[in-house]
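Visitor: I'd like to ask you about the structure that follows.
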């Protein structure tokens, strides 16, 4: 590596804070970090030439790598479906088709008549993965429904 490549060294201090911390020229700092990635580069040697602590230079390199990996991840990963799912409330007696009796779990006629007499609400949610979740419950099931929604939200 020639001396012409390192004409930006030592790093130019653009500000020194009252607590002794220094702020360096961002362009020179970037060039120093890039120089550290060259084959055969000595980070400790470059830190000496730049007049910065080697540990500080290692920290800058880690931050640079972290920023690059995050940038690469954002550019290669397709945006996921929305975090929120549409919820459709179906009122009793609406035009929406009800579940077929064959699809409901078998229950005694006593339970069916008790359930039929209570006012029910139906909740239908279409998840981004194509799954549809349908809930039919009475007003007494509010805590159960809240717990189910909270559990689904944790996943």
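No lab work stands behind these numbers, since they all come straight from the coordinates. None of the values given here were measured: they were computed from a predicted structure. So basically every Cβ, Gly included, is an ideal-geometry build from the backbone, and we count neighbours across all protein chains shown.
Visitor: Counting other beta carbons within 10 Å of each residue's own, what order do 29, 59, 21 fall into, fewest first?
Guide: Fewest to most other Cβ atoms nearby, the residues stand as 21, 59, 29.
Visitor: Could I ask something else about it? What FRET efficiency comes out for the pair residue 58/residue 129, r = Cβ-Cβ distance, R0 = 25 Å, nearest 0.05?
Guide: 0.05
Visitor: Kirkwood Rh over alpha-carbon pairs of the stretch 1-72, then Stokes-Einstein at 25 °C and 0.890 mPa s: what D in µm² s⁻¹, rounded to an integer?
Guide: For these conditions, the coefficient is 191 µm²/s.
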